[in-house]
Amino acid sequence: MIIDSAEVIVTSPDRNFVTLKLTTDDGLTGLGDATLNGRELAVVAYLKDHVVPLLLGRDAHRIEDTWQFLYRSAYWRRGPVTMAAIAAVDTALWDLKGKAAGMPVYQLLGGASRTGLLAYGHASGRDLPELFDSIRAHQAQGYKAIRVQTGVPGLKSIYGIASNATYEAMDGVRYDHEPAQRGSLPAEEDWDTRSYLRHVPTVFEAVRGEFGPELPLLHDAHHRLTPVQAAQLGKALEPYDLFWLEDVTPAENQEALRLVRRHTTTPLAIGEIFNTVWDYQQIIREQLIDYVRSAVTHTGGISHLKKVLDYAAQYQIKSGMHGPTDISPVGMAAALHLGLSVHNFGIQEYMRHGARTDQVFQQSFTWQDGLLHPGDRPGLGVELDLDEAGKYPYVQAYLPFNRLADGTVHDW
Ligand code: CS2
Ligand code: MG
């Protein structure tokens, strides 16, 4: 099974996606997600200029050797662009191997460890009435776990909530399909930590009062707090028994989590912006987190994220794979196959893609009673309609950034 062609497909139905398509000499095709939100074209160039020429003529069955060759032969290692490119190759090779074997990828990874994957959705609101409506809407869609993001009094716009202008423009859609905003420059948003820290506990008090103690609730602090502020928030949220508090503080400084851990038992989830196992080494070894947030798409593919999760399993840390709309249906399928097979699965983020995206990517996963399942089609179970994809050319889009009241740039 020799790779004899490779295409890098960029399409932008509801948002930009980058997909690698490998074709072998016996006519099989494999897909890999290479989408890096806001930096898509960097991965396109890395794939086209430095990876695809190395793949042609290689044996597609040699997944681990191809991974090690792409990782080590580049000399320069790690980083989001490199690891998204390697992820796309790795995922496409698993897709091919599954098709060649006539088996879904999860069977090649050791078979199913559960009947389905608990998923959580994104509820949000600029105020409590909107938030409560959004939580009810997600419960009606079958979600058994729900992430809660809220506006903050005094802030015009904030991660996780459609901005007022967008809200109206999107006919009242609570949250865009795409947090990145189309345009040639990143949008500037405002932020004030003290207002946020005062407000969030009151929101969870109200949500628990309205929806009771059982509903698994998650919250994403999105890298915006200092370690002591993160400790303060984790402690303040303990009465509301969160499933997890995510990205409480920028995790480049992994020691920071020691301070947070000393002050709170609220479970912590970190890692959606990590891209190799080495980014996790300290926080897994010291059990400073409870969930690994990485997506297959950003972490070197199925092969490497499995290694991260196998390392995490030694410390009773579970998966919590990243699954917003900037993980394409191909990346989501890869996550579902890996999540179904590993023992230490925790929860899967599932932010539903838009209708146009579903036209471009024919998927075979199922969503029932709050559980996802990748399906049993050979490979990943996703096909890309090139004609549909061709209708949606790339559109420059950047994620926003924050500035504080005094103009200082801050994590978004
Ligand atoms: C967020 C993401 O889903 C999440 O947990 O952190 O929506 C994140 O903002 C985007 O993936 C950035 O592209
Ligand atoms: Mg997040």
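The values are calculated or read from the model by the stated rules, or taken from the named source; none is laboratory data. The shown structure was predicted, so the numbers you read here are calculated from the model rather than taken from an experiment. Glycine also receives a Cβ, built like all others from the backbone with ideal geometry; neighbour counts cover every protein chain displayed. The area values use the complete protein model at the heavy-atom level, side chains included, leaving out ligands, DNA and RNA. Shrake-Rupley method; radii C 1.70, N 1.55, O 1.52, S 1.80 Å.
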Residues A74 and F132, FRET efficiency given R0 of 51 Å [Cβ-Cβ distance, rounded to 0.05]: 0.55
Unsatisfied cross-links (Cα-Cα over 20 Å) in the set K97/K306; K48/K99; K21/K391: K48/K99
Percent carbon-and-sulfur accessible area, segment 3-103, ignoring ligands, DNA and RNA, probe 1.4 Å: 55 percent
Percentage, to the nearest whole number, of Cα pairs in segment 3-103 over 20 Å apart: 32 percent
Distance in nm between pseudo-label sites at R403 and Q281 (7 Å out along the Cβ direction from Cα): 3.9 nm
Relative contact order of the chain, defined on C-alpha pairs under 8 angstrom at six or more residues apart (%): 23 percent
Label zone at S5 (point 7 Å along Cα-to-Cβ), backbone N below 13 Å, segment 15-57: 21-30
Helix runs (DSSP H) in the chain reaching 30 Å along axis by Cα, Kyte-Doolittle at least -1.0: 80-101
Computed accessible area, W367, all protein chains, 1.4 angstrom probe, square angstrom: 60 Å²
Solvent-accessible area, 1.4 Å probe, carbon plus sulfur percent, for segment 117-378: 51 percent
Å² of accessible area per residue within the chain, as computed with a 1.4 Å probe and no ligands counted: 39 Å²
Exposure of E178 as accessible area (Å², to 10), given a probe of 1.4 Å and all protein chains: 20 Å²
